[in-house]
Amino acid sequence: MEQNPRKVAALYARVSTLDQNCEVQLEDLRRYAGKRFARYCEYTDAGVSGTQRHRPQLDALMRDARRRLFDVVLVWKFDRFARSLKHLIESLDEFSALGIDFISMTEGVDTTTPAGQLLFHIVGAVAQFERDLIAERVRAGMAHARAIGKRIGRPRAIVDVEAVSKLRGGGQSLREIAVSLNIPVSRVRRALLRLQLKAV
């Protein structure tokens, strides 16, 4: 087991009900971290279901990861950390981008090793594949909507041409008219151009 005397580990433990205790997981994690890392910090969610989208301490861990307050995330088991395979893949992909390693102690997954690095590469490829699929579905949906005559994007602002003309005649600038009528300046310009063309 390679020692990393300068690295900081974040230990994460979770139990689903309040009558359970995180100590069983934490004892193993502390023992493991004490042998490998300079120091560690702890994040524990007690009485929180694994399927819950937001968990106070897991959210805090992710915030601290983005601030680079530690080098490694250490969990007892995957299901203590991730609420789903998708959540696991997204989290591992983010850790990889931040340069943070991930260790699942009882499952023997350790991204500080060459085999663990392979996991990061696989997870990154899966995450990219999923993003590409989503983008492809969005493009296909937009193409279908256009094909059946649906307008894509924000609805056009309705412009009261007479109101634009009256405000312009009163000496207001294009920006002032746009603010008064709650429309973009470009629509004010177009309205004034239409008025000029009508007058010709």
In segment 1-105, which GluC sites (Glu not before Pro) are in a loop and have at most 11 other Cβ atoms within 10 Å, using DSSP for the loop call? GLU2
Sorted peptide list for 81-88, 8-15, criterion being average Cβ within 10 angstrom, highest first: 8-15, 81-88
If the elastic network links every pair of Cα atoms under 10 Å, which of ILE100, ILE89, ILE177 fluctuates the most in the Gaussian network model of the chain? ILE177
Using Cα positions and a limit of under 20 Å, work out the aspartates and glutamates in reach of LYS35, with same-chain residues fewer than 8 apart set aside. GLU2, GLU23, GLU27, ASP71, ASP101, GLU107, ASP110
Sorting LEU69, ALA9, ASN21 by the position of each Cα along the dipole of the chain (Lys, Arg +1; Asp, Glu -1; all at Cβ), the one nearest the positive end of that ordering is LEU69
Contour minus end-to-end for THR106 and ILE122, with contour as 0.36 nm per residue of separation and end-to-end as the Cα-Cα distance? 3.7 nm
Rank the residues PHE37, PHE129, PHE78 as a footprinting-exposure proxy: fewest other Cβ atoms within 10 Å of their Cβ go first. PHE129, PHE78, PHE37
Charge dipole (segment 4-129, unit charges on Cβ, about Cα centre) - positive-most of PHE78, ILE103, ALA38: ALA38
7 Å from Cα along Cα→Cβ at both SER173 and ARG131: what's the point-to-point distance in nm? 4.1
When the chain is modelled as a GNM with alpha-carbon springs shorter than 10 Å, which of ASP160, ASP132, ASP79 fluctuates the most? ASP160
With a sphere of radius 10 Å drawn around the Cβ of ASP45, what net charge do the other residues whose Cβ falls strictly inside it have (Lys, Arg +1; Asp, Glu -1)? +2
GNM flexibility winner over the chain from PRO114, PRO56, PRO184 (Cα, springs under 10 Å): PRO184
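Can you figure out the FRET efficiency of ILE148 with ARG190, using R₀ = 22 Å and their beta-carbon distance, to the nearest 0.05?
0.20
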Let me have the 222 nm mean residue ellipticity of the chain computed from DSSP H runs of 4+ only, each contributing -39500 (n - 2.57), with the sum over all residues rounded to the nearest 500. -17500 deg cm²/dmol
In debye, nearest 20, what is the charge dipole magnitude of the chain about its Cα centre with +1 on Lys and Arg Cβ and -1 on Asp and Glu Cβ, if you could check? 1700
Determine the percent antiparallel among the DSSP beta bridges restricted to the chain, to the nearest 5. 10
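Quick note: the coordinates plus some simple rules give every number you see, no bench work behind them. All figures in this text were calculated on a predicted structure; none of them were measured in a lab. Reconstructed Cβ throughout: ideal geometry from the backbone, glycine too, with neighbour counts over all protein chains shown.
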